[in-house]
Structures are given as structure tokens and as C-alpha cells.
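The values are calculated or read from the model by the stated rules, or taken from the named source; none is laboratory data. Remember, it's a predicted structure, so these values are computed and weren't measured experimentally. Positions of Cβ are backbone-derived with ideal geometry, glycine not excepted, and every protein chain shown enters the neighbour counts. What goes into the accessible areas is simple: the full protein's heavy atoms, side chains included, and nothing from ligands, DNA or RNA. Shrake-Rupley method; radii C 1.70, N 1.55, O 1.52, S 1.80 Å.
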Amino acid sequence: MAKNQFLAVAVRAARAAATVMRRYQREGFEVGFKKNRADLVTVADRETERRIRSIIGRAFPQHGVLAEEGGAVSGDGRHRWLIDPIDGTINYVAGFPYYCTSIALEIDGRVEVGVIFDPERRELFTAQRGGGAFLNGRRLRVRTEKVIERAVLVTGYSYSEHSDQARDTMRVVGHVLTCVRAVRRVGAAALDLANVAAGRFDGFWEAGLNPWDVAAGMLLVEEAGGRTSNGDGRRHRFGDPLLVATNRTLHRPLLRLLQTSNPEL
Ligand code: IPD
Ligand code: CA
């Protein structure tokens, strides 16, 4: 099957997800907790995911799925959809307009299609491996910044309750802050990656992310000319402790800053 048929279904599902999100914003909803006080889940997350799964399931009943709220369904062993219905749930709940839906398709263990939709700005990010990255149909390129001192970076923190982990995070952020122009923390890893692809940030790093947070965004960055890796500079595999994504030129310098501030990363 042609890759653009997968892409078309993913786009349809991401747009339908936005309709569900908007409905719950109008109607209101209760907030529940998963692992801890900051790990939120709402009926909007669950219903948005159900809508996406039903669109994808109807189009490709034989495919597997791994999604944040409903977990895994094994399929034909070749195709697997990675879905985050709402990335940035804390922002969604707070009414802070920075969250998105992230949908990716892995074929034979490689992400081939990625879609991220930001319903607040109506920005649709799409990528197919080898076919480029696009924002509302316009080709994306990462930014050409070459000097780390001028870099505008974005990062994320884990929701862990362990204070030693929080201290490690702050040590890394503190060190990077003294060497670059700015470090932002906006609260939706998938959208952060899409914005690296769009040239709005020069780079991103975060530890402890899940496959559904990063699959589509990594493909976007790579297809926009950027680079992604784990903390050693090797190919990032799902489950690796750290993801680093940059405009490529700043990859080594950012890795060096991260390694200097926390050699365990
Ligand atoms: C979270 C966001 C956040 C990142 C967390 C993720 P969620 O996803 O992407 O920016 O720092 O690590 O878990 O829980 O809102 O889907
Ligand atoms: Ca989520």
C-alpha cells in the first residue's frame, strides 16, 4: 500500500481528534491522575484516543497499535501505530494553548509516517520517510543557526516525584542556560519536536519520553534536515533514556553540553 494512504488516514484521525478535544473544552470534564500528581488523564484523553483508534482500526484492521491511554494491541507484526491523543495534557487542562495530537506509523520497526496536529493554531505537521516534512502543505526546513551561544532550545522535565532526579534535571538545565540564548519549557514534547522541524527552535532534549511522545516528531525533525540521537550520539531507540533533536549543525555542541552537565545521560 502507498505510504500516502497511511498519511491520509492519520491526518483524518488527527483532525477528528481535535473535534473531540474542542467538545470537551466546551462541555468541561473531570481530571484524574495516573502515576502521580502531575500525570493527568481526562475523559478527553480517553475519548480522543478512542476516536483515533476507531478511524485507524476501520481503515487498517490488521495493524497493531500502541497508544498512551489504551495500551497495546498486536497486529500483523509489521505495522504499528504510535498514538498520543493529547500530548501536553497539563496545558490542555489549564487552558494553555500548547498541546497536540501525535500519530505515527511504524513499518517493520521503522517510523515511516508522522502527523502532529496543533488544534489551537490549526497547524498540521506531516512527514513521510524520504518525502520531506510539511506544515499545512509548506515544506519545512530546520533553522540554520551554527553558533551554540545563539541557540534557542526547548526541553521538558519528567513528572517524577524523586527530588534527586529533579536536581539532576535542574543541573543540566542550569548548565545549558549559561551557554545558549534561551531554554524554553512549554509542555508538549511532540509539538516541541515539530517546532524544531519548523525552525522555531534550534534543538530539543528530554529524558524519559515514551514512543508515542516522540515517534512522529523525530521523523519530522529528520525529514526537515535535522538530526536526532540518544545521549551518546547514536541512533535513538524507543526506551533510550535521552532524546536529543537539533538542526544538525548544533547536535555535537548540544550533546557536549548535556554530557558535561550529566555524564550519566
Ligand atoms: C508529556 C509532555 C511533556 C513532557 C512529558 C510528557 P503528556 O506528555 O510531552 O512536555 O515533558 O515528558 O509525558 O503526558 O502530556 O501526553
Ligand atoms: Ca498524552
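If we keep just the residues of the range 97-106 that are more than 15 Å from ligand 2 (Cβ to nearest atom) and in contact (Cβ under 8 Å) with a residue 40 or more places away in the chain, which is farthest from Ala13 (Cα to Cα)?
Checking each candidate, the answer is Glu106.
Among the residues of the range 10-54, which ones are open to solvent by less than 30 Å² (accessible area, probe 1.4 Å), more than 12 Å from ligand 2 (Cβ to nearest atom) and assigned to a strand (DSSP E or B)?
Within the range 10-54, Gly32 is the sole residue that qualifies.
Conditions: (1) more than 16 Å from ligand 2 (Cβ to nearest atom); (2) under 23 Å from Phe134 (Cβ atoms). Pro211 meets all but one. Number of the miss?
(1)
Collect the residues in the range 55-70 that are more than 26 Å from Asp39 (Cβ to Cβ) and open to solvent by less than 40 Å² (accessible area, probe 1.4 Å), keeping them in residue-number order.
Within the range 55-70, Ile55, Gly57, Phe60, His63 qualify.
Would you point out the residue of the range 115-145, among those that are assigned to a loop (DSSP other than H, G, I, E, B) and of a type in the set (S, T, N, Q), that is nearest to Asp202 (Cα to Cα)?
Filtering first and then ranking leaves Thr144.
Condition first: free of Cβ contacts under 8 Å to residues at least 60 places away in the same chain and either within 11 Å of ligand 1 (Cβ to nearest atom) or at positive phi (or both). Now tell me which residues in the range 66-94 satisfy that.
Of everything in the range 66-94, those that are free of Cβ contacts under 8 Å to residues at least 60 places away in the same chain and either within 11 Å of ligand 1 (Cβ to nearest atom) or at positive phi (or both) turn out to be Glu69, Gly71, Gly77, Thr89.
Take residues that are open to solvent by less than 30 Å² (accessible area, probe 1.4 Å) and over 23 Å from Ile83 (Cβ atoms) and tell me which of the helices (runs of 4 or more DSSP H) falling wholly in the range 146-265 contain 1 or more.
The qualifying helices (runs of 4 or more DSSP H) are 163-177, 251-261.
Considering only the range 60-79, I want to know if a residue exists there that is in contact with a Leu (Cβ under 7 Å, 6 or more places away or on another chain) and either within 16 Å of ligand 2 (Cβ to nearest atom) or modelled with pLDDT under 95 (or both).
Yes - at least one qualifying residue is present in the range 60-79.
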